[in-house]
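The values are calculated or read from the model by the stated rules, or taken from the named source; none is laboratory data. Bear in mind the structure is a predicted one, so any value in this text is a computation, not a measurement. In this analysis, Cβ positions are derived from the backbone assuming ideal geometry, glycine residues included, and neighbour counts consider all displayed protein chains.
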């Protein structure tokens, strides 16, 4: 084969490969979009089933500061606990009490 024929073959291959890659990229983008929609829908369903976290703990110094018991402890509670107070002292009345079990209301082991 001559160099010109090889170059022509190379150009044709490059065009065919570019078209196939574009088609595959489009197919993958479509699949990813479907997965994102499925993921968002399932996340909404899980979130809808999760019970709302009411305030389980309240700052007695500033009653507007509450904590549901989820996530990191707020600074006001960390300072109060460091000063020697107990977590149950901040519990909102009428909320389930887990004292004596060593667990907080969400099943996490307290330190």
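Considering only residues in the range 89-100 that are surrounded by 10 or more Cβ atoms within 10 Å (Cβ to Cβ) and under 22 Å from residue 51 (Cα atoms), the one that is modelled with the lowest pLDDT turns out to be 99. Just one of the listed residues (67, 76) is touching a strand residue (DSSP E or B) at 6+ places or on another chain (Cβ under 6 Å), surrounded by 11 or more Cβ atoms within 10 Å (Cβ to Cβ) and modelled with pLDDT of 75 or more, and it is 67. Scan the range 74-89 for residues that are farther than 12 Å from residue 62 by Cβ and in contact with a helix residue (DSSP H, G or I) (Cβ under 7 Å, 6 or more places away or on another chain) and the total you get is 2. Just one of the listed residues (22, 48, 53) is modelled with pLDDT under 90 and assigned to a helix (DSSP H, G or I), and it is 48.
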